[in-house]
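Asker: Quick one: the structure is below, questions incoming.
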2 protein chains.
Amino acid sequence: MLVIQKFGGTSVATPDMIHKSAAHVADAYRQGHQVVVVVSAMAGMTDQLDRYVYDVSLAPDLREYDVVVSSGEQVTCGLMALALKSMGLPASSWLSWQVPVRASADFSQSRVKEIDPVRLQEALSRGMIPVVAGFQGVTDTQDLTTFGRGGSDITAVALAVSLKADRCDLYKDVPGVLTADPRIVSHARLIPFMTGQEMLELASLGAKVLQPRAAELALSQGVSLRLLSTFEPGDGTHILLQENAVEQPLVRSLVCQKYQAQLSLEYQDDFSLLLKELERAHVSLDMMSFLNGRMSFSLPQDKADQTKSLIQHIQGKDKDVTIQRDLAKISLVGVGLRGHPRILRALFDVLSEKKITLEGSSLSETRMSILVAEEYAELVVRLLHKVYDLGGDQSHDQELRSA
Amino acid sequence: MLVIQKFGGTSVATPDMIHKSAAHVADAYRQGHQVVVVVSAMAGMTDQLDRYVYDVSLAPDLREYDVVVSSGEQVTCGLMALALKSMGLPASSWLSWQVPVRASADFSQSRVKEIDPVRLQEALSRGMIPVVAGFQGVTDTQDLTTFGRGGSDITAVALAVSLKADRCDLYKDVPGVLTADPRIVSHARLIPFMTGQEMLELASLGAKVLQPRAAELALSQGVSLRLLSTFEPGDGTHILLQENAVEQPLVRSLVCQKYQAQLSLEYQDDFSLLLKELERAHVSLDMMSFLNGRMSFSLPQDKADQTKSLIQHIQGKDKDVTIQRDLAKISLVGVGLRGHPRILRALFDVLSEKKITLEGSSLSETRMSILVAEEYAELVVRLLHKVYDLGGDQSHDQELRSA
């Protein structure tokens, strides 16, 4: 079996943790599997490099930005190879230009075009364990690029596609995908299986457990994923390629995203021009809705002022654009949500009982999101977790046992 | 004019210092020169990366060691390009594999084989300022290598050769080459001109102002060098290609190297085998001498025990090898030293007056080195600086004026 094992920043934060991660590689290798390792930068290093860049230049050229920040993965790539070799395993490091990982020239948000499998396959056939630097690619003109935050997930999934790997294991500092954030809901439960579509929804909604573009690539290319902990035993969450015929709970998991704002403006006919300009400025619109001649959408709060200025720049200074701040987006992910009115009714029951205003909502087949004032966010997550019975009998039993 | 400007670790230690260094590039560029910049890692970063490596692996694979430590130059390479761009200059970063800087596969002590000038020349012809990561090269098999400590000097000189540059300016945290270490001799004087041969001797003797292999390359390839300060105004030290006809003082500069030891062993016929093994173990023998059937040589103190073991491994455990520790090597560099008995006599006068034992000595045309107990090292340097009149009239005047 050929397995991709990817270790995130907290899994390689110190030399000691690198050795703990390397032990998972050793296990798989000694069980007779072929293994390709992908590493992120040590936790905190990318932030440090990012600070250096902005200390030197307020509006950095993105090609040079990528040269600086991609060095973090280079460091862990070499260190992981050293840790594996010190365990007697035949490992060697591979930087993106050595593989090569071919990528588009959109610096700092580049996309993988193709990973050439030939040199890695040749190394695997000699029994080697290639350790690949995540997050980075090389363009057709031999420039370094990066894939944006969380980009090592993309490298891992893209390698799984290119090498036709049997599975891609993403090692994290959490045991897998949970029914809710355990800091909000203490008895949040690990979800052992979920569909690729559900995973994509969760990732897009800001669940940090997987980079959204990696989730998209895995879904579209049929990569078998597993998310699991580097530090705790456990089988993690398996992301299934095909929806399981077995009946499942309707709501699978809750995600809460704070620091959101909602912009509202008068609807005009030149809306598609506005959309184009917003896309160019990398503003992603979420929860868009139209009502009484106005349109509204949600976005991260720190982008609100800049986006308002941009809209007024396009549509005129006198344009009335309002910003509603300090909101939280709470999302439910599951299967067939739209077809089940009881889901929606349970939600409204919770909100009306606590007299919490619903500031916005959007609903699709697999996802429902609502906007509420940030101060109520944790309360709402806890109540919904209970209403939708996400804790389940199993976790109640565990609670009783540990009491 | 085409100028190579190289900035050492202390010249790029912080974002602010990177901007100070970039100002020198801007000056030269705005005077109409073509400039290629070479950068070291930020002061301290290579040490940090080195610690990471040894925390992960006690006996690191050197290929992976190079992958980790070469990332330091990648960071400053991007940051310097950003600093120049923020000043409105057309700069871009070049990593060794992008140039490419072709190097031998002797990881961690690789040698430059060839620098392909084509892509850099093309960039220069478009008015660009290439910023090249020092210290690193790429092998024929596309592996990263490094040139050893101070290796960015080598990159700079090799680029000067390959691009046929008119001059190579090495920016340091000192004003140039001095007659002695100013921490030992407070009125040590800047040497405005010296020959390439003298520079090579000084560098080989441990004067940290220039990497010895860079000095060797500059001398053999006729590269016009200048060593100067990033932070203070001044013209620095020019290294002349051809010896100047103007009469010069005989002794030019003093270098003191502490933490030395002297090994002594019985001379045997298999000496050339021993030399070969020592070379393989990267032990460089200095101040070799033969007397009464024994041979002795000096070496850095931290290599003494290991070297003794190696000799006994080759010649037999019972072999009598003695180590004399806590020595300092003091060297005089100048022209025609061997032909001037007064140089030697003045030295012996100083030592005998202070009752300091001469533990070893070696003498060539351009260099004289002596070994004395470490505790006397600074005293001897001060006395010799005076005896050989290195302070000169000028500095005496300055002393009087400032008194």
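Asker: Give all pairs with beta carbons closer than 7 Å in which a residue from region A:62-89 that is assigned by TED's automatic domain parsing to the domain that holds A:Met42 meets a residue that is among the acidic types (Asp, Glu); count only pairs at least 6 apart in sequence or on separate chains.
Answerer: Qualifying pairs under 7 Å: A:Arg63/A:Asp143; A:Val69/A:Asp50; A:Gly78/B:Glu64; A:Ala81/B:Glu64; A:Leu82/B:Asp61; A:Leu82/B:Glu64; A:Lys85/B:Asp61.
Asker: Restricting the search to region A:1-45, which residues are aliphatic (A, V, I, L, M), crowded, with 21+ Cβ neighbours inside 10 Å and in a loop (DSSP other than H, G, I, E, B)?
Answerer: A:Ala41, A:Met42
Asker: Hey, another quick one. For region A:182-224, enumerate the residues that are among the charged types (D, E, K, R) and in a helix (DSSP H, G or I).
Answerer: Here is the first cut: in region A:182-224, the ones among the charged types (D, E, K, R) are A:183, A:189, A:198, A:201, A:208, A:213, A:216.
Passing the criteria: A:Glu198, A:Glu201, A:Arg213, A:Glu216.
Asker: Give region B:89-112 a look and list any residue that's facing chain A (nearest Cβ under 9 Å), more than 24 Å from the chain's Cα centre (by Cα) and either in a helix (DSSP H, G or I) or not small (Gly, Ala, Ser) (or both), or say none.
Answerer: Taking region B:89-112 as the starting set, the residues that turn out to be facing chain A (nearest Cβ under 9 Å) are B:91-93, B:95, B:97-98.
Narrowing the set further to residues that are more than 24 Å from the chain's Cα centre (by Cα) leaves B:91-93, B:97-98.
Selection gives B:Trp97, B:Gln98.
Asker: Select from region B:113-128 the residues that are out of contact with any helix residue (DSSP H, G or I) (no Cβ under 6 Å at 6 or more places or on another chain) and not in a helix (DSSP H, G or I) and list them in ascending order.
Answerer: Quick first cut of region B:113-128, residues out of contact with any helix residue (DSSP H, G or I) (no Cβ under 6 Å at 6 or more places or on another chain) only: B:113-114, B:116, B:118-128.
Within region B:113-128, B:Lys113, B:Glu114, B:Asp116, B:Arg126, B:Gly127, B:Met128 qualify.
Asker: For region B:186-227, name all the residues that are touching a His at 6+ places or on another chain (Cβ under 9 Å), under 12 Å from B:Cys168 (Cβ atoms) and of a type outside the set (Lys, Arg). Even if it seems obvious, please write down each step before you answer.
Answerer: As a first pass, look at region B:186-227 and keep what is touching a His at 6+ places or on another chain (Cβ under 9 Å): B:187-188, B:192-194, B:224-227.
Filter again for under 12 Å from B:Cys168 (Cβ atoms), leaving B:224-227.
Matches in region B:186-227: B:Ser224, B:Leu225, B:Leu227.
Asker: Now a separate question. Could you tell me whether B:Leu227 is under 17 Å from the mean Cα position of the chain (by Cα), over 21 Å from B:Ser361 (Cβ atoms) and either not in a loop (DSSP other than H, G, I, E, B) or not small (Gly, Ala, Ser) (or both)? Can you show your working first?
Answerer: Details: under 17 Å from the mean Cα position of the chain (by Cα): yes; over 21 Å from B:Ser361 (Cβ atoms): yes; either not in a loop (DSSP other than H, G, I, E, B) or not small (Gly, Ala, Ser) (or both): yes.
Answer is yes for this residue.
Asker: Picking from B:Gln109, B:Gln98, which residue would you name as being in contact (Cβ under 8 Å) with a residue 60 or more places away in the chain and of a type in the set (S, T, N, Q)?
Answerer: Values: B:Gln98 fails: in contact (Cβ under 8 Å) with a residue 60 or more places away in the chain.
The match here is B:Gln109.
Asker: Can you tell me how many residues in region A:23-75 are over 23 Å from A:Ser104 (Cα atoms) and hydroxyl-bearing (Ser, Thr, Tyr)?
Answerer: The total comes to 4.
Asker: Another question, then. Quick one: in region A:55-88, of everything that is more than 9 Å from chain B (Cβ to nearest Cβ) and surrounded by fewer than 24 Cβ atoms within 10 Å (Cβ to Cβ), which residue is nearest to the chain's Cα centre (by Cα)?
Answerer: Result: A:Leu62.
Asker: Which residue out of A:Leu275, A:Leu263, A:Leu299, A:Leu285 is within 25 Å of A:Ala203 (Cβ to Cβ), assigned by TED's automatic domain parsing to the domain that holds A:Glu359, surrounded by 13 or more Cβ atoms within 10 Å (Cβ to Cβ) and touching a Lys or Arg at 6+ places or on another chain (Cβ under 7 Å)?
Answerer: Values: A:Leu275 fails: touching a Lys or Arg at 6+ places or on another chain (Cβ under 7 Å); A:Leu299 fails: touching a Lys or Arg at 6+ places or on another chain (Cβ under 7 Å); A:Leu285 fails: touching a Lys or Arg at 6+ places or on another chain (Cβ under 7 Å).
Matching residue, one of A:Leu275, A:Leu263, A:Leu299, A:Leu285: A:Leu263.
Asker: Tell me yes or no: at least one residue of region B:262-271 is assigned to a helix (DSSP H, G or I) and either farther than 23 Å from B:Leu384 by Cα or touching a residue at least 12 places away in the same chain (Cβ under 8 Å) (or both).
Answerer: Yes, because at least one residue in region B:262-271 is assigned to a helix (DSSP H, G or I) and either farther than 23 Å from B:Leu384 by Cα or touching a residue at least 12 places away in the same chain (Cβ under 8 Å) (or both).
Asker: For region A:133-180, which residues satisfy the criterion of being part of a strand (DSSP E or B) and more than 15 Å from A:Ser40 (Cβ to Cβ)? Talk me through it step by step, then tell me what you get.
Answerer: Initially, region A:133-180 is screened for residues part of a strand (DSSP E or B), giving A:133, A:136-138, A:144-146, A:167-172, A:178.
A:Val138, A:Leu144, A:Thr145, A:Arg167, A:Leu178 - these are the residues of region A:133-180 that are part of a strand (DSSP E or B) and more than 15 Å from A:Ser40 (Cβ to Cβ).
Asker: What are the pairs, 6+ residues apart or on separate chains, where a residue within region A:351-376 that is among the aromatic types (Phe, Trp, Tyr) has its Cβ under 8 Å from a residue that is assigned to a loop (DSSP other than H, G, I, E, B)?
Answerer: Matching pairs, first to second residue: A:Tyr376/A:Lys354; A:Tyr376/A:Ile356.
Asker: Taking into account only those residues within region B:141-165 that are surrounded by fewer than 20 Cβ atoms within 10 Å (Cβ to Cβ) and at positive phi, which is farthest from the other protein chains (Cβ to nearest Cβ)?
Answerer: Selected residue: B:Lys164.
Asker: Same structure, new question: Is it the case that A:Ala91 is crowded, with 23+ Cβ neighbours inside 10 Å and in contact with a Phe, Trp or Tyr (Cβ under 8 Å, 6 or more places away or on another chain)?
Answerer: When the stated conditions are applied, A:Ala91 does not pass them.
Asker: Sort out for me the strands (runs of 3 or more DSSP E) sitting completely within region A:315-403 that have 2 or more residues that are surrounded by 20 or more Cβ atoms within 10 Å (Cβ to Cβ) and at pLDDT 90 or above.
Answerer: Working: elements: A:321-334, A:360-363, A:367-373.
Of the strands (runs of 3 or more DSSP E) lying wholly inside region A:315-403, those with at least 2 residues that are surrounded by 20 or more Cβ atoms within 10 Å (Cβ to Cβ) and at pLDDT 90 or above span A:321-334, A:367-373.
Asker: Being surrounded by fewer than 18 Cβ atoms within 10 Å (Cβ to Cβ), aliphatic (A, V, I, L, M) and in contact (Cβ under 8 Å) with a residue 40 or more places away in the chain: is that true of B:Ile184 here?
Answerer: Numbers: surrounded by fewer than 18 Cβ atoms within 10 Å (Cβ to Cβ): yes; aliphatic (A, V, I, L, M): yes; in contact (Cβ under 8 Å) with a residue 40 or more places away in the chain: yes.
Criteria met by B:Ile184.
Asker: Moving on to the next point. Can you name every residue in region B:41-50 that is within 9 Å of another protein chain (Cβ to nearest Cβ) and over 19 Å from the mean Cα position of the chain (by Cα)?
Answerer: Within region B:41-50, the subset within 9 Å of another protein chain (Cβ to nearest Cβ) is B:42, B:49.
Correct list: B:Leu49 only.
Asker: Oh, and also: Suppose the filter is out of contact with any Leu (no Cβ under 6 Å at 6 or more places or on another chain) and more than 16 Å from A:Gln34 (Cα to Cα); does A:Gln121 pass it?
Answerer: Spelling it out, it is not the case that A:Gln121 is out of contact with any Leu (no Cβ under 6 Å at 6 or more places or on another chain) and more than 16 Å from A:Gln34 (Cα to Cα).
Asker: Within the bounds of region B:121-132, is there any residue that is closer than 28 Å to B:Ala43 by Cβ, crowded, with 20+ Cβ neighbours inside 10 Å and more than 14 Å from chain A (Cβ to nearest Cβ)?
Answerer: The answer is no; no qualifying residue exists.
The values are calculated or read from the model by the stated rules, or taken from the named source; none is laboratory data. As the structure is a computational prediction, the values presented were derived from the model and not from experiment. Counting neighbours? That spans all protein chains shown, and the Cβs are built from the backbone with ideal geometry, glycine included.
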